[in-house]
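Below is one structure, written out as structure tokens; comments come after it.
Nothing in this text is a laboratory measurement; each read-out follows from the coordinates by a stated rule. Quick caveat: nothing in here was measured; it's all calculated off a predicted structure. Because the Cβ atoms are built from the backbone with ideal geometry, glycine has one as well, and the counts that use them run over all protein chains shown.
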There are 2 protein chains.
Amino acid sequence: MNIGFIGLGIMGRPMALHLAAAGHTLFVPDRRSLSEDIRAVATIEADAASVAEHADIVILMVPDTPDVETVLFGAHGVAEGLSRGKLLIDMSSISPTATKDFAARIAALGCGYIDAPVSGGEVGAKAAALTIMAGGATTDFERALPLFQLMGKNITHVGEAPGAGQVCKVANQIIVALNIQAVAEALTFARKAGADPARVRQALMGGFANSRILEVHAERMINRTFAPGFRIKLHQKDLNLALSSAKDMGMALPNTAIAQQMFSVVTAAGGADLDHSALVQAIELMAGMAVG
Amino acid sequence: MNIGFIGLGIMGRPMALHLAAAGHTLFVPDRRSLSEDIRAVATIEADAASVAEHADIVILMVPDTPDVETVLFGAHGVAEGLSRGKLLIDMSSISPTATKDFAARIAALGCGYIDAPVSGGEVGAKAAALTIMAGGATTDFERALPLFQLMGKNITHVGEAPGAGQVCKVANQIIVALNIQAVAEALTFARKAGADPARVRQALMGGFANSRILEVHAERMINRTFAPGFRIKLHQKDLNLALSSAKDMGMALPNTAIAQQMFSVVTAAGGADLDHSALVQAIELMAGMAVG
């Protein structure tokens, strides 16, 4: 199949290479930053509009909401090259509400739209093991599914409504942040009380306090290994999506709001590029403890 | 071995029966509420002092800090019957700081003291599958261990310091409460945005958002099954221990404090005896959503 792929960075590059390896024909827009391995397998077009003209399905993997808007609707953007019956798949992690707007504008051109953000990071992208959370019409999802299966595992069609995938990704980032704060508060409480956080973690692993975060991130807190992983500044972007969407919908996310502030405490101390498990440093700072 | 057991309620009764079934000789204080199966296997003494006189090891399983203090140091209490070389094991969930004081006063009588709160609830007690978190001297822990193995699995010696077990239990209750709030905020966000929380939960189970709480309590939220389980008013008691201990030590637990307030929102609406997963109702109420 002819596939356009726009956004060939840390995540997009390995994802696109999996598609090419499976025999699909790739079209990508010309960028100086294109890697050699992409240049070797893809047809390079002048711009996003030309990519959309040649492709049956166009996949986006760009950093944030304004990037998606520019790629889709800017000058020489995807919308200019689309024609009736094509499918747009946005795998970026962006605003759920903006996604509804983008999907409607693409639908007006007679094209399908699937929002399908991922989790699993660079490791998951390279291993074709991403978790993919998709929103959009079932027929469009089924058309996208064979491609998703080349890039991920754990593929869920969350709902027919445009943006359902983005909503699910935001929900994911809320839980991950709050589970990190849960472990940070509990282990710092234990340390401050003179207990060994490593033994506390061990004792809690068998019960209802267990989580992937207790398994992975609590160990980073205990070993003080805060190299990313997933950077605090990226998690702050995601929590900002959560909090602004919640405000727009008229609901409160009290612990999400606090977790965002805790990330800001770490950022204020110079930690924006640390792994998100470094949130524990905010709890430690506020407890008058040495932050090592 | 001669074992005193004080506190034969929902938890203590099955725990004591496991000890008797293994061949230990039980001594219990006379209470009208003693069950027939306990009366059938135990020697009934007039009071806690007399229990302590007859036993080599005395186990406590009572509701709260003041109950432990009364049983130990009140009139005709355990302390009056103890003599040099005996061991006190407090399996109640109580204040870590009060525990240090109690342990010191028992040590002054020439006796050992282990604090060993549990998690796993009535189901775990009946199945002899409790998680046991113990604090105290290693020699005392080793003396208690064969008894713990009759009542639980996942037995951890958290530390030599008196109260280390209670600290660990508080850490457990912090994480459980905050993981419940994490799931409550995320699933309510998804519902408010029009997504199906059951599909969102399914999508998140494979990734870093996964936890025992996402597996068990999120399902209760989705199915609206809030029969306890673990009652909100009991979790509020435990978070009160966390927050008052944190204040005494000079540290902040911001999300724990918020979770306690969310439980109070549900309590204000009449939900104190609901399962702690009903915390989601607070988030829903605050979002102007119908709480079913």
Q. Got a sec? Charge dipole of the stretch B:29-155, +1 on Cβ for Lys and Arg, -1 for Asp and Glu; which of B:Ile89, B:Pro117, B:Ile155 is way out at the positive end?
A. B:Ile155
Q: Determine how many Å³ per residue the convex hull of the Cα atoms of the stretch A:164-289 encloses.
A: 109
Q.
Suppose R0 equals 22 Å. What FRET efficiency, 1/(1 + (r/R0)^6) with r the Cβ-Cβ distance, do B:Arg84 and B:Glu142 give to the nearest 0.05?
A. 0.70
Q. Okay, helix-only estimate at 222 nm for the protein assembly as shown: each DSSP H run of n ≥ 4 adds -39500 (n - 2.57), divide by all residues, round to 500 deg cm²/dmol; what do you get?
A. -16500 deg cm²/dmol
Q.
Can you tell me the length gained on complete extension of the stretch A:Ser264 to A:Asp37, counting 0.36 nm per residue apart and subtracting the Cα distance?
A. 77.9 nm
Q) With the Cα gyration tensor of the stretch A:7-152 giving a ≥ b ≥ c as the square roots of its eigenvalues, does the rule (a/c under 1.5 for rounded; else a/b larger than b/c for prolate; else oblate) give rounded, prolate or oblate? A) rounded
Q. Counting DSSP beta bridges with both partners in chain A, what percentage is antiparallel, nearest 5?
A. 15
Q: At 7 Å along the Cα-to-beta-carbon direction for both B:Glu160 and B:Arg231, put a label point, then send me their distance in nm to one decimal.
A: 4.1
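Could you tell me what percent of the DSSP beta bridges with both partners in the protein assembly as shown are antiparallel, to the nearest 5? Could the numbers behind the result be given before it?
Details: 9 of 59 bridges.
Restricted to the protein assembly as shown, the bridges split so that about 15 percent are antiparallel.
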**Q.** the stretch B:1-147, dipole about Cα centre (Lys/Arg Cβ +1, Asp/Glu Cβ -1), debye to the nearest 20
**A.** 180
Q. What is the calculated FRET efficiency for B:Asp56 to A:Ala22, with r their C-beta to C-beta distance and R₀ = 56 Å, to the nearest 0.05?
A. 0.20
Q.
Between B:Met1 and B:Ala272, what's the calculated FRET efficiency when r is the beta-carbon distance and R0 is 41 Å? Round to 0.05.
A. 0.55
Q: For chain B, with a Gaussian network of springs between Cα atoms less than 10 Å apart, report the residue from B:Met249, B:Met262, B:Met151 with the top mean-square fluctuation.
A: B:Met249
Q | 4 °C / 1.567 mPa s Stokes-Einstein diffusion coefficient of the stretch B:112-235, Kirkwood radius on C-alpha pairs, µm²/s | A | 79
Q. Give or take rounding to whole Å, what are the principal axis extents of the alpha carbon atoms in the stretch A:29-113, in descending order?
A. 36, 26, 20
Q.
For peptide A:155-168, what's the mean number of Cβ atoms from other chains within 10 Å of each residue's Cβ?
A. 5
Q. Along the axis that rotates chain A into chain B, which residue of chain A has the nearest beta-carbon, and what is the gap in whole Å?
A. A:Ser211, 2
Q | Percentage of interatomic Cα-Cα distances in chain A larger than 24 Å | A | 54
Q | Local electrostatic count, A:Leu17, Cβ distance below 11 Å [Lys/Arg +1, Asp/Glu -1] | A | +1
Q: Kindly put A:Arg199, B:Arg201 in sequence by how many other C-beta atoms sit within 10 Å of each C-beta, fewest to most.
A: A:Arg199, B:Arg201
(Q) Output wanted: per-residue J couplings in Hz (rounded whole) for the stretch A:183-194, from phi through Karplus 6.51 cos²θ - 1.76 cosθ + 1.60, θ = phi - 60°, x for Gly and Pro. (A) 5, 5, 5, 5, 6, 5, 4, 5, 4, 4, 7, x
Q.
Over the stretch B:94-211, what is the relative contact order in percent, taking alpha-carbon pairs closer than 8 angstrom and at least six residues apart?
A. 22
(Q) I need to check one value: relative contact order of chain A, counting alpha carbon pairs closer than 8 Å and at least 6 residues apart, in percent. (A) 13
Q) Under a GNM of chain A (C-alpha, springs under 10 Å), which listed residue has the highest mean-square fluctuation: A:Lys192, A:Lys86, A:Lys233? A) A:Lys192
Q: Would you give the gap between the C-alpha center of the stretch B:48-108 and the C-alpha center of the stretch B:228-292, rounded to a whole Å?
A: 30
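Cα-Cα pairs above 40 Å in the protein assembly as shown: how many percent? List each step's numbers first, then the result.
Values: 61186 of 170236 pairs.
Every Cα pair in the protein assembly as shown considered, those over 40 Å come to 36 percent.
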Q | Residue of B:Ala48, B:Ala218, B:Ala195 that the Gaussian network model of chain B assigns the largest fluctuation, springs spanning Cα pairs under 10 Å | A | B:Ala195
Q: Grab every C-alpha pair in the stretch A:1-79, bin the distances at 5 angstrom width from 0 up to the longest one, and report whole percents.
A: 3, 17, 30, 28, 16, 5, 0
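Please give the net charge around A:Met205, taking every other residue with its beta carbon less than 13 angstrom from that of A:Met205, where Lys and Arg add +1 and Asp and Glu add -1.
That works out to +3.
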